[in-house]
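To start, the structure under review is shown below, and the notes come after it.
The values are calculated or read from the model by the stated rules, or taken from the named source; none is laboratory data. Quick caveat, the model's predicted, so the values are computed rather than measured. Note: ideal-geometry Cβ built from the backbone for every residue, glycine included; neighbour counts use all protein chains shown. Heavy atoms of the whole protein, side chains included, go into the accessibility calculation; ligands, DNA and RNA do not. Shrake-Rupley method; radii C 1.70, N 1.55, O 1.52, S 1.80 Å.
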Amino acid sequence: MTKNPTIILGSTSPFRKQILEKLNLDFQTDKPEVDETPLPNETAHQLVERLAVAKAQAVANKHNNALVIGSDQVALFNDTILGKPHTHENAIKQLSSFSGNKVTFLTGLAVINSETGETHALVEPFEVYFKQLTLDSIEAYLLAEKPYKCAGSFKSEALGICLFEKLVGDDPNTLVGLPLIKLVGLFEKFGFSVLQQQVTKAQS
């Protein structure tokens, strides 16, 4: 790998893109084509790590001299992966069940060197504790945001924050799907320093 690899985010999520922009790096985005179907007897932890690696690898196969980031996330309630509600009625059921309870997000993160195939991956947890939710507050939220294609029936990066009592985790960026603290650490395993890149950018 040359001294200045291309950084590629293996995702077209606008939210992950906004998070990565916080590191003030030049980067590209590319959509990974990956089958996200869970394997038989696969745990949520295994699933998100495998898919993060698979997404990074799918994009790395198309680029030279790149560090490619892959990420995947699931939300768990009572050890069950949350699905998308699709309907208003299902969303009310999901959010009502979360009232006063905890939902755990698991985010898989992987970085691959497209030249060597060297891969580093991890899974970062993050916990969301919900308020005691009234039916009126649930209805008001669903009316405003219509999160029927979102696992768990809420958008944590938007008005969903109004449903929460507290957040517990090492990095608030994890909740939106890209744990930056851990990403900086993975970059360093490849000898790539985010802060040193700032010096290079300033001098150019």
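I'd like the carbon and sulfur percentage of the solvent accessible area for the range 1-110, probe radius 1.4 Å, heavy atoms only, ligands and nucleic acids excluded. Result for the range 1-110: 48 percent of the exposed heavy-atom area is carbon or sulfur. What FRET efficiency do you get for LYS62 and TYR129 if R0 is 30 Å and r is their Cβ-Cβ distance, rounded to the nearest 0.05? Rounded to the nearest 0.05, the efficiency is 0.15. Beyond 18 Å, the tail of the calculated P(r) for the range 47-143 holds 57 percent of the Cα pairs.
What does the convex hull of the alpha-carbon atoms of the range 53-109 project to on average, in nm²?
5.3
Approximating the spin labels as points 7 Å out from Cα along Cα→Cβ, the LEU159-to-THR12 distance works out to 2.7 nm.
Segment LYS166..LEU39, full-extension length gain: 42.5 nm, with 0.36 nm per residue of separation and the alpha-carbon distance subtracted. Would you please state which residues of the range 123-165 a label at SER99 would reach in this model, taking the label point 7 Å out along Cα→Cβ and a backbone N cut-off of under 17 Å? The answer is 129-143, 153-154, 162-165, whose backbone nitrogens lie closer than 17 Å to the label point. Between helix 88-98 and the chain there is an angle of about 80 degrees, using the helix long axis and the longest principal axis of the Cα atoms. Treating each Cα of the range 116-168 as an identical point scatterer and summing with the Debye formula, the log10 of I(q)/I(0) at q = 0.13, 0.24 Å⁻¹ comes to -0.42, -0.97. Apply 1/(1 + (r/R0)^6) to the Cβ-Cβ distance of TYR148 and LEU25, taking R0 = 35 Å, and write down the FRET efficiency to the nearest 0.05. After rounding, the FRET efficiency stands at 0.50. Remark: the chain projects, on average over all directions, an area of 12.0 nm² (convex hull of Cα atoms).
Dividing the convex hull volume of the alpha carbon atoms of the range 19-74 by its residue count gives 92 Å³ per residue.
Pair-distance distribution of the range 1-106: all C-alpha pairs, bin width 5 Å, starting at 0; shares per bin in whole percent are 2, 11, 17, 17, 16, 15, 10, 6, 3, 1, 0.
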